[in-house]
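K.L.:
Structure in structure tokens, see below.
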Amino acid sequence: MKKLTPLIEWGTLLFCTGMVCFFLVVILWDLISKGAPSLSWEFVTSLPSEGMTKGGILPAIIGTVLLTMITALVSVPFGISCAIYLNEYAKDTWLTRLIRASIRNLAGVPSIIYGLFGLALFVQGLQMGTSLISAGLTLGLLSLPYVIITTEEALRRIPASTREAALAIGATQFESIRDVVLPSALPGILTGVVLTLSRAAGETAPILFTGVAFYINNPTGFLNQEFMSLPYHLYMLSTQHQAIEEVRPLAYGTALVLIIVVFLLNLTAFYVRYKHSKDE
Amino acid sequence: MKLAAREKIDDAVKLLFRTTGLLVIAILGGIFFMLIWNSVAFFLKIKPLDFITGTQWNPSGSNAEYGILPLLVSTCLVTLGAMTIAIPLGIGTAAFLSEYAGKRLKSILKPVIEMLAAVPSVAIGFLGIVILGPGIAELTGQSNGLNALNGAILLAVMALPTIITVTEDALHGVPQSYREASYGVGANKWQTLIRVTIPAAAPGILAAVMLGVGRAIGETMTVLMATGNASAFPKGFFHSVRTITATIAIEMGEVPYQTTHYYALFAIAAVLFLITLAVNLIGEYFVNKFRKYQAA
């Protein structure tokens, strides 16, 4: 019995860890084994046809790419600028503390509430309608706190001596930030930005009422038009289609493409982080 | 460039950076204002007491009823189920990572957890429909397995990476000397973990749990796809439920703007916002407590 107890104790922890790995294996195995047969060059390069029961998902891929680009255009400059202010300029005042508290709270706001905010502000308030730009701005706001938090972390790792060296040879504070601090923090910022965008690319709830559509026959999409996206396409195919069993292979294919896009973005981020840690 | 010009640019850029900082407050304020404004419009038509104590959510009938209770109970039920699964599993995994796993094993397990965190919620919801649903249906003999249990399991999977990462940080933050003191008086590794390390990391672990709860309560797509969305008052884990988030997602797309129903959805969103705010504030309290305690 005495010999058995440590085994049980250790086994409990191993079981927990095993379960977590098991979840990931099930997710990947199911999506890959059942999604791979639907995957083909035609699937990712052609339009849906015959009431979504055949054809590909090209417009959804284009929509997701465009949407993620707009998200980046909104959240990256805004977020980096705010992080620079907090880390390089702000003193510890009540205002700074309020900004930080706001950022932490924004990061905890449920994504569906961002959807409502986008609907009230961009779609209705600013009269942009349900469109690519409304959805992109909404997702940009959702991503903003994460961009700020990760950028600030990257800036904090740059030693004060680096800044002082730049200031000592006569650079203004902005020049020191632009030419010295930002370039050295770039890998860290890039990692955070790409991880944030990979999350944004998979988000569905914030775009539900701000511009996503089930079918658009013009895949090029303009800013003021509705668009298709991969996560929404998967949602519709798996719950709202009139022939759910018939389109299941297409749903699996869409899920696999979505997860490949997200994992590729993640791998990019990990590669940047890994390469940077080697350089140091 | 002349120094004066460079300094002018410096000042202008500083102002720009500062403005973006202030805009962040404006965004949170804007979200808050939007929820309050539309909720007030709702409460001008429906009595707040009817909203809070009403047991029927039936906004589209001729005799529209806006009771939040069934939605609130659904949200709590699914979150409770998710935490019952995710807390033990999460703490166990974090303890294994922090106290037992070697460097090589860690370098395999960490990416596993990061990958799990990266899976989009809509993909997890999809698997709830195609794998978990049929599985639960077979076990219980129901026609489909889209119920609270299904949603709870999926939410547990989604909350696990957060709980594991934060708990592991907390365990890692417990000074080595605590463990050595415990070994010194003859405790083994397991006793040290249960009686010393985990209690010492308790505030950090509570913060992890709160972050997990916040994530589970606010999650939309997974519960929307996996819980069946019956609007009747929830009866238990083996019945279909409809959470606050799912209700907003389903109904906002169909409701005409500026109607009572439209405002009602903002009112339940305001309740959701307040709950997640409270959960996050409690989590932050524990994080600060843990930091102070570590510094001491």
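The values are calculated or read from the model by the stated rules, or taken from the named source; none is laboratory data. In this text the structure is predicted, and so the values were computed from the model without any measurement. With ideal geometry, Cβ positions are generated from the backbone for all residues, glycine too; neighbour counts draw on all protein chains shown.
K.L.:
Of all residues in the range B:212-229, which are part of a helix (DSSP H, G or I) and either basic (Lys, Arg) or surrounded by fewer than 21 Cβ atoms within 10 Å (Cβ to Cβ) (or both)?
P.N.:
B:215
K.L.:
With B:185, B:209 as the choices, which residue is surrounded by fewer than 20 Cβ atoms within 10 Å (Cβ to Cβ) and either in contact (Cβ under 8 Å) with a residue 24 or more places away in the chain or more than 14 Å from chain A (Cβ to nearest Cβ) (or both)?
P.N.:
Selected residue: B:185, the only one of B:185, B:209 that is surrounded by fewer than 20 Cβ atoms within 10 Å (Cβ to Cβ) and either in contact (Cβ under 8 Å) with a residue 24 or more places away in the chain or more than 14 Å from chain A (Cβ to nearest Cβ) (or both).
Conditions (1) outside the structural domain of residue B:119 (by TED's automatic domain parsing); (2) closer than 27 Å to residue A:18 by Cβ; (3) not small (Gly, Ala, Ser), marked per residue:
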position	(1), (2), (3)
B:162	no, yes, yes
B:165	no, yes, yes
B:175	no, no, yes
B:181	no, no, no
B:207	no, yes, no
B:210	no, yes, yes
B:241	no, no, yes
B:250	no, no, yes
B:266	no, no, yes
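Each row is one residue, and each column tells you yes or no for (1) touching a strand residue (DSSP E or B) at 6+ places or on another chain (Cβ under 8 Å); (2) more than 18 Å from residue A:74 (Cα to Cα); (3) buried (at least 23 other Cβ atoms within 10 Å of the Cβ).
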{"site": "A:110", "(1), (2), (3)": "no, yes, yes"}
{"site": "A:119", "(1), (2), (3)": "no, no, yes"}
{"site": "A:122", "(1), (2), (3)": "no, no, yes"}
{"site": "A:132", "(1), (2), (3)": "yes, no, yes"}
{"site": "A:138", "(1), (2), (3)": "no, no, yes"}
{"site": "A:143", "(1), (2), (3)": "no, no, yes"}
{"site": "A:158", "(1), (2), (3)": "no, yes, no"}
{"site": "A:168", "(1), (2), (3)": "no, yes, no"}
{"site": "A:185", "(1), (2), (3)": "no, yes, yes"}
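K.L.:
Could you check, for the range B:83-96, whether at least one of its residues is surrounded by fewer than 16 Cβ atoms within 10 Å (Cβ to Cβ) and closer than 15 Å to residue B:154 by Cα?
P.N.:
Within the range B:83-96 (the criterion being surrounded by fewer than 16 Cβ atoms within 10 Å (Cβ to Cβ) and closer than 15 Å to residue B:154 by Cα), the answer is yes, since at least one residue qualifies.
K.L.:
Within the range B:238-266, can you find the residues that are within 26 Å of residue A:105 (Cβ to Cβ) and touching a strand residue (DSSP E or B) at 6+ places or on another chain (Cβ under 8 Å)?
P.N.:
B:247, B:264
K.L.:
Also, quick follow-up: Among the numbered criteria (1) buried (at least 22 other Cβ atoms within 10 Å of the Cβ); (2) away from chain A (no Cβ under 14 Å); (3) in contact with a Lys or Arg (Cβ under 8 Å, 6 or more places away or on another chain), which one does residue B:159 miss?
P.N.:
(2)
K.L.:
Can I ask one more? (1) of a type in the set (Gly, Ala, Ser); (2) more than 14 Å from every other protein chain (Cβ to nearest Cβ); (3) farther than 30 Å from residue A:136 by Cβ: which one isn't true of residue A:49, the others all being true?
P.N.:
Residue A:49 satisfies every listed condition except (3).
K.L.:
(1) in contact (Cβ under 8 Å) with a residue 40 or more places away in the chain; (2) crowded, with 21+ Cβ neighbours inside 10 Å: which one isn't true of residue B:265, the others all being true?
P.N.:
Looking at each condition in turn, residue B:265 falls short on (1).
K.L.:
Given the conditions (1) touching a Phe, Trp or Tyr at 6+ places or on another chain (Cβ under 6 Å); (2) crowded, with 19+ Cβ neighbours inside 10 Å; (3) touching a residue at least 24 places away in the same chain (Cβ under 8 Å), which single one is not true for residue B:13?
P.N.:
(3)
K.L.:
Hey, another quick one. Any chance the range B:113-124 includes a residue that's over 19 Å from residue A:231 (Cα atoms), more than 10 Å from chain A (Cβ to nearest Cβ) and at pLDDT below 95?
P.N.:
No, that holds for no residue.
K.L.:
Would you kindly identify the helices (runs of 4 or more DSSP H) lying entirely within the range B:94-151 that contain at least 2 residues that are closer than 30 Å to residue B:179 by Cβ, within 24 Å of the chain's Cα centre (by Cα) and of a type outside the set (Val, Ile, Thr)?
P.N.:
Counting at least 2 such residues, we get B:103-118.
K.L.:
Name every residue in the range A:75-89 that is more than 13 Å from the chain's Cα centre (by Cα) and more than 7 Å from every other protein chain (Cβ to nearest Cβ), in order of residue number.
P.N.:
The answer is A:77, A:79, A:80, A:83, A:87, A:88.
K.L.:
Here's a check for you: in the range A:150-176, which residue that is over 31 Å from the mean Cα position of the chain (by Cα) and assigned to a loop (DSSP other than H, G, I, E, B) is farthest from the other protein chains (Cβ to nearest Cβ)?
P.N.:
A:169
K.L.:
Considering each of A:35, A:11 in turn, give the residue that is closer than 30 Å to residue B:98 by Cβ and within 14 Å of another protein chain (Cβ to nearest Cβ).
P.N.:
Just one listed residue meets the conditions, A:11.
K.L.:
Identify all residues within the range B:152-184 that are over 18 Å from the mean Cα position of the chain (by Cα) and either more than 18 Å from residue B:99 (Cβ to Cβ) or acidic (Asp, Glu) (or both); write none if there are none.
P.N.:
B:168, B:169, B:180 - these are the residues of the range B:152-184 that are over 18 Å from the mean Cα position of the chain (by Cα) and either more than 18 Å from residue B:99 (Cβ to Cβ) or acidic (Asp, Glu) (or both).
K.L.:
Also, I was wondering about something else. Under the condition of being surrounded by fewer than 20 Cβ atoms within 10 Å (Cβ to Cβ) and free of Cβ contacts under 8 Å to residues at least 40 places away in the same chain, which residue from the range B:230-251 is farthest from residue A:240 (Cα to Cα)?
P.N.:
Checked the range B:230-251; the qualifying residue farthest from residue A:240 (Cα to Cα) is B:235.
K.L.:
Also: Look at the range B:50-72 and say how many of its residues are surrounded by fewer than 18 Cβ atoms within 10 Å (Cβ to Cβ), part of a helix (DSSP H, G or I) and touching a residue at least 60 places away in the same chain (Cβ under 8 Å).
P.N.:
Adding up the residues that qualify gives 1.
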